[in-house]
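Participant: Please find one structure pasted underneath; my questions will follow.
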């Protein structure tokens, strides 16, 4: 006997086991209106079933279940709280009815089960998963400003306890099926997708009385231990230290987790629903959903990659420049299975780089003891001072110092080798390829590909193209970035580029506050409180005063349109007068030793002015709005080619506060009209660097967001 409702295929076998195969309309199974109706139908159908022996929840899609419908969720508005609460509670009641069936329920997990997918699997008595890399599980809701609201918090705490659950709930950490077994959220693995249903049937036959969950047994209660109470307090402190109360979701997750230990199971489910509804109304959630899902997926899809150019994979890459970034890019290539020729005219630099890379690339294998894998990896790497050794490479990456003449020299050296099939990627952070390639016959085959430091951790690659850049060179930069598991965005090659130009405004505004006599520690704390990864002075030290000088005071034709006078002045003084070049040069604004970093004692004496003060909110707005305004100017000028790339680029490349959803999305969440008013206030007090961009004024007048 079989029937279908809203993509739920219901089939009862002669053994009394019902196989429910989800195959909803669309590419994935999702928690939408059709799903809610299907779950109500399924609960009714199963409860009415005679001689029911068990239930198997399976999927006909490549994924098991994709979770909530984010288009539906992001559309939630104030005033709809009661309606949403009732909708979510009705779904959870259907899930509870299936969970309470007196027969065993098994989830057969054939692919990704993230968010709602894992929550659906948790209503089962037993979870069997395909032991394959495609099977990824987790609760990513926190990265979208939400919490797992279909029972994820409550069931996970009851099943595996607070200590193991918190990293999953607060960090959105994803895990494999095998890791799921170790965590206690997956019960059994099979070697093939085809074996899932038969393994599920076999388990049901062997466990006919396994239908009742522990939390539905009479007298059951989840009691907190002293260690649980301590862990909750510590988690609250860690959350504040990490996010400074800029993200409401982690705090709400901790609040729900606390309540799970204070009330019965079903009351805890209702508290969880209330938390989800509250978060859906927040600007932060809408910002995070927009950027981390819709915009990220658009960028990841390669929407900006030139159409009509065949995709390529590169077997051999030449990296020119054996400094910090050249070594890092070479290591990325070798780890991705690409042969690398690392070239530097200085033989000693090649020798040092080779030794450094051998030590770096060996680390991952020393623990595993895989000497053969280590040998194969190192065999992909060669270093040479001879330019002729680059002749057999498929593509070239230039990673010399951020100096116009040095980069032009590399282009001149490689010019005979360049062409449609062999472009040169310039790892420039601020110098546009339109300027580097000026006068070169190979300018068409030169494209910017800005890798971020540290390259092994930073996901973004900023691809920049000039008018004369051939689309095949742009496509090659995209393809290499994806081959190295990086995320490329495309911008126009203009002085300052995008990320460096905006990033430098954060440093500049920090220096302006310093020059105004504001307490240095206050400046640093305000930077962290607004959600930036570090204060502006600490980041200044990380980059280094010498490199900052080179970026903000390049040749006139390469100078950024942004007003960076303050950071230029301060960087020059620290190098010339104090000899403090930053963290990598013995110290800068901070002193560094084994105990950590501390503000240089003389800093206060040099800059602090008695009576100089600014309200924290005003300082926070200055540090944030300065970057937002510059981002909008990049969009106006065509440096940025799309809003998604502006948001993803600012989050992954600049360190924009997560709660903003990126610097352009911040304006949409804040409200363009309100943003324009605040910019005008700041411009009146501090100058034209805060003048509201016309693109924001146009959005405000049209009553829409920036698109």
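The values are calculated or read from the model by the stated rules, or taken from the named source; none is laboratory data. What you are looking at is a predicted structure, and each value in this text was computed from that prediction instead of being measured. Cβ coordinates were reconstructed from backbone atoms using ideal geometry, including for glycine residues, and neighbour counts include every protein chain displayed.
Participant: Just give me the residues in region 147-178 being surrounded by fewer than 16 Cβ atoms within 10 Å (Cβ to Cβ) and under 13 Å from residue 128 (Cα atoms), in sequence order.
Facilitator: Scanning region 147-178 gives a single hit, 178.
Participant: While we're on this one: Just checking, how many residues over region 628-660 are in contact (Cβ under 8 Å) with a residue 60 or more places away in the chain, under 21 Å from residue 245 (Cα atoms) and assigned to a helix (DSSP H, G or I)?
Facilitator: Within region 628-660, residues that are in contact (Cβ under 8 Å) with a residue 60 or more places away in the chain, under 21 Å from residue 245 (Cα atoms) and assigned to a helix (DSSP H, G or I) number 7.
Participant: Would you call residue 209 at positive phi, modelled with pLDDT under 95, exposed (fewer than 15 other Cβ atoms within 10 Å of the Cβ) and part of a loop (DSSP other than H, G, I, E, B)?
Facilitator: The answer is no for residue 209.
Participant: I've got another one for you. Within region 535-578, count every residue that is without any contact (Cβ under 8 Å) to a residue 40 or more places away in the chain and in a loop (DSSP other than H, G, I, E, B).
Facilitator: 4
Participant: Checking residue 624 against (1) under 24 Å from residue 491 (Cβ atoms); (2) assigned to a loop (DSSP other than H, G, I, E, B); (3) in the same structural domain as residue 535 (by TED's automatic domain parsing): exactly one of these is not met. Which one?
Facilitator: Condition not satisfied by residue 624: (2).
Participant: Let me ask another. Taking the options 216, 187, name whichever one is in contact (Cβ under 8 Å) with a residue 24 or more places away in the chain, surrounded by 13 or more Cβ atoms within 10 Å (Cβ to Cβ) and within 31 Å of the chain's Cα centre (by Cα).
Facilitator: Of 216, 187, the one residue that is in contact (Cβ under 8 Å) with a residue 24 or more places away in the chain, surrounded by 13 or more Cβ atoms within 10 Å (Cβ to Cβ) and within 31 Å of the chain's Cα centre (by Cα) is 187.
Participant: Still on this structure: Here are 414, 431: which of them is assigned by TED's automatic domain parsing to the domain that holds residue 483 and in a helix (DSSP H, G or I)?
Facilitator: That would be 414, the only listed residue that is assigned by TED's automatic domain parsing to the domain that holds residue 483 and in a helix (DSSP H, G or I).
Participant: Sticking with this structure for a sec: If I filter region 665-685 for residues that are under 16 Å from the mean Cα position of the chain (by Cα), at pLDDT 95 or above and in a helix (DSSP H, G or I), do I get at least one hit?
Facilitator: There is at least one residue in region 665-685 that is under 16 Å from the mean Cα position of the chain (by Cα), at pLDDT 95 or above and in a helix (DSSP H, G or I).
Participant: Just the residues that are free of Cβ contacts under 8 Å to residues at least 60 places away in the same chain and crowded, with 18+ Cβ neighbours inside 10 Å, please, taken from region 464-482.
Facilitator: Residues satisfying the conditions are 464, 465, 466, 469, 470, 473, 477, 481.
Participant: Please tell me if residue 568 is modelled with pLDDT under 95, crowded, with 22+ Cβ neighbours inside 10 Å and not assigned by TED's automatic domain parsing to the domain that holds residue 434.
Facilitator: When the stated conditions are applied, residue 568 does not pass them.
Participant: Within region 314-410, considering only helices (runs of 4 or more DSSP H) that don't extend past its boundaries, which have at least 1 residues that are buried (at least 17 other Cβ atoms within 10 Å of the Cβ) and more than 27 Å from the chain's Cα centre (by Cα)?
Facilitator: Per the criteria, 347-366, 371-379.
Participant: While we're on this one: Looking only at region 288-300, decide whether some residue is surrounded by fewer than 17 Cβ atoms within 10 Å (Cβ to Cβ), out of contact with any helix residue (DSSP H, G or I) (no Cβ under 8 Å at 6 or more places or on another chain) and in a helix (DSSP H, G or I).
Facilitator: Yes: one or more hits.
Participant: Can you tell me how many residues within region 19-46 are buried (at least 16 other Cβ atoms within 10 Å of the Cβ) and part of a helix (DSSP H, G or I)?
Facilitator: So the count comes out to 11.
Participant: Further, regarding this structure: Can you spot a residue in region 594-614 that is at pLDDT 90 or above, within 36 Å of the chain's Cα centre (by Cα) and more than 18 Å from residue 518 (Cβ to Cβ)?
Facilitator: Yes, region 594-614 has at least one match.
Participant: Shifting gears a bit: For region 605-623, check the following and say yes or no: at least one residue is touching a strand residue (DSSP E or B) at 6+ places or on another chain (Cβ under 6 Å) and closer than 29 Å to residue 289 by Cβ.
Facilitator: no
Participant: Quick one: residue 485 ticks every box in (1) out of contact with any strand residue (DSSP E or B) (no Cβ under 7 Å at 6 or more places or on another chain); (2) under 30 Å from residue 301 (Cβ atoms); (3) buried (at least 24 other Cβ atoms within 10 Å of the Cβ) bar one, so which box is it?
Facilitator: Tallying (1) out of contact with any strand residue (DSSP E or B) (no Cβ under 7 Å at 6 or more places or on another chain); (2) under 30 Å from residue 301 (Cβ atoms); (3) buried (at least 24 other Cβ atoms within 10 Å of the Cβ), residue 485 fails exactly one: (3).
Participant: Further question: I'd like to verify a number: residues in region 588-612 that are touching a residue at least 24 places away in the same chain (Cβ under 8 Å) and either in a strand (DSSP E or B) or within 19 Å of residue 507 (Cα to Cα) (or both), how many?
Facilitator: Going through region 588-612 one residue at a time, the tally reaches 9.
Participant: Take residue 258 and tell me if it is more than 30 Å from residue 135 (Cβ to Cβ), over 23 Å from the mean Cα position of the chain (by Cα), free of Cβ contacts under 8 Å to residues at least 40 places away in the same chain and surrounded by 15 or more Cβ atoms within 10 Å (Cβ to Cβ).
Facilitator: So residue 258 passes the test.
Participant: Being assigned to a helix (DSSP H, G or I), at pLDDT 95 or above and either within 29 Å of residue 664 (Cβ to Cβ) or under 24 Å from the mean Cα position of the chain (by Cα) (or both) is the requirement here; does residue 272 meet it?
Facilitator: When the stated conditions are applied, residue 272 does not pass them.
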